[in-house]
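The values are calculated or read from the model by the stated rules, or taken from the named source; none is laboratory data. Because the structure is predicted, anything quoted here is derived from the model rather than measured. All Cβ positions, glycine included, derive from the backbone under ideal geometry; neighbour counts span all protein chains shown. Please note that ligands, DNA and RNA were not included when accessible areas were found on the heavy atoms of the full protein model with its side chains. Shrake-Rupley method; radii C 1.70, N 1.55, O 1.52, S 1.80 Å.
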Amino acid sequence: LHFGAAVSQPQLVGLKESTLPRPEKNILEAGTVGNIAEARPSVTEEYAVEWAKNDKRRLLHAVYRVGDLDKTIKFYTECLGMKLLRKRDIPEEKYSNAFLGYGPEESHFTVELTYNYGVDKYDIGAGFGHFGVAVEDVAKTVDLVKAKGGKVTREPGPAKGESSIIAFIEDPDGYKFELLERASTLDPLCKVMLRVGDINRAISFYKKAYGMELFRKMDFPEHKYTTAIMGYGPENNNAVLELTYNYGVKEYDKGNGYAQIAIGTDNVYKTAEAVKLNGGKIVLDPGPLPGLNTKITTCLDPDGWKTVFVDNKDFLKELE
């Protein structure tokens with residue numbers, strides 16, 4: 001599912017909000033969660049929050065743009081041990097994309113890399129933080145990255161205030177990866193870190209609008225930042241979102257490299273309504289994508305980070 005065209009080249013996406021049908025009846029009534037709202041014209045926020053919490057959700061993939069698809073695939077497979085799951089070229093829209101991860105897309109969080117013809121460099125910006133990858137031996141992985149000519153930005157050592165060993169590396173485009181030493185994990189691609197301007201506002205939004213759970217919140221006053229780990233549990237089996245607030249920094253330049261996270265949902269119409277009721281902005285109305293029939297909706301959180309919700313059944317059909 002391609003949502004990755006460069007922000008400066010909107011024509012590559014080929015989508016207009018007006019092309020998607022708007023449901024005529026109340027959005028939250030259109031699904032399968034009973035008829036609680038049937039007698040009322042508007043839906044309560046409580047009902048929307050409850051729907052979001054009980055919806056069958058999972059982080060599907062993170063979408064971002066790279067300047068050389070083959071070079072990045074080589075780095076991820078040789079240095080990070082990822083598998084190339086699928087790759088396709090869409091010459092009529094002048095882009096190629098590739099999905100990589102540590103297991104099938106039906107059950108694992110993956111990365112979707114997008115290469116737009118002729119664009120070999122992107123500005124990653126200051127808002128995007130890093131991806132997290134769990135490895136059995138951080139020092140060994142770092143040695144491999146160095147041997148392959150990769151960049152190490154933090155040598156292996158204990159994380160701040162913890163005994164666990166971590167390191168930081170950069171891929172060929174400059175996207176950072178945190179390597180976390182873990183004996184075993186079901187999904188090694190385990191984290192996406194984004195910076196936010198108000199941690200409590202972000203936690204509240206991701207809980208209510210996106211139905212995420214707050215696993216933990218940690219404050220590091222000596223380093224002047226606070227983090228919140230959120231997602232769809234259990235945490236040790238699923239990728240999580242790490243939101244970071246740096247004291248006093250209210251907004252960030254997002255650049256044009258990182259695009260969005262895709263999340264699975266059983267009903268894009270109800271999801272969009274829950275997002276709107278909780279202060280999110282819908283930038284692509286819920287409905288089927290032209291030509292694909294996969295139902296999606298695209299929204300922005302209060303910091304402007306983009307998320308695409310994808311119908312679970314349609315996503316599985318697409319993988320077939």
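Placing a label point 7 Å from the Cα of Ser107 along the Cα-to-Cβ direction, the residues of segment 170-192 whose backbone N falls under 17 Å from that point are 184-190. For segment 43-319, the solvent-accessible area works out to 42 Å² per residue, with a probe of 1.4 Å and every protein chain left in place.
Relative contact order of the chain, taken over Cα pairs closer than 8 Å and 6 or more residues apart, is 21 percent.
With a/c under 1.5 counting as rounded, go ahead and sort segment 180-231 into rounded, prolate or oblate using the C-alpha gyration tensor (a ≥ b ≥ c being the square roots of the eigenvalues; past the cut-off, prolate if a/b is larger than b/c, else oblate). Oblate. How much FRET efficiency would the formula 1/(1 + (r/R0)^6) give for Ala126 and Glu213, where r is the Cβ-Cβ distance and R0 is 35 Å, rounded to 0.05? With a Förster radius of 35 Å, E is 0.80. For segment 204-248, applying the loop criterion from DSSP together with a ceiling of 12 other beta carbons within 10 Å to the trypsin sites (Lys or Arg not before Pro) yields Lys224. In the elastic network of the chain, a GNM with C-alpha springs shorter than 10 Å, the most mobile of Phe215, Phe131, Phe109 is Phe215.
Taking a ≥ b ≥ c as the square roots of the eigenvalues of the Cα gyration tensor of segment 43-319, is the shape rounded (a/c under 1.5), prolate (a/b larger than b/c) or oblate? It is oblate, given that a/c is not under 1.5 and a/b is not larger than b/c.
Ligands, DNA and RNA excluded, the heavy atoms of Met193 present near 10 Å² of accessible surface to a 1.4 Å solvent probe. The label point for Lys281 and the one for Lys148, both projected 7 Å from the Cα toward the Cβ, are 3.8 nm apart.
The GluC sites (Glu not before Pro) of segment 70-116 that DSSP puts in a loop, and whose beta carbon has at most 14 other beta carbons within 10 Å, are Glu106. Counting only alpha carbon atoms, the long axis of helix 138-147 and the longest principal axis of the chain meet at about 70°. In this calculation the C-beta distance from Leu292 to Lys87 is compared with R0 = 25 Å, giving a FRET efficiency of 0.90. Choose one answer from Gly161, Gly233, Gly304: the residue with the largest mean-square fluctuation in a GNM of the chain with alpha-carbon springs under 10 Å. It is Gly161. A simple spin-label model places pseudo-atoms 7 Å from Cα toward Cβ; at Lys313 and Glu155 they are separated by 5.6 nm. What is the list of residues in segment 62-100 whose amide nitrogen lies under 17 Å from a point 7 angstrom out from the Cα of Glu136, following Cα to Cβ? Within reach of a label on Glu136, which here means backbone N under 17 Å from a point 7 Å along Cα→Cβ, segment 62-100 contributes 78-83. Under 1.5 on a/c is rounded, so check that first for segment 168-260, then, if it is not, pick prolate when a/b is larger than b/c and oblate when it is not; a ≥ b ≥ c are the square roots of the alpha carbon gyration tensor eigenvalues. The shape class here is rounded.
Between Glu213, Glu222, Glu273, the Gaussian network model of the chain with springs among Cα atoms under 10 angstrom shows the greatest mean-square fluctuation at Glu222.
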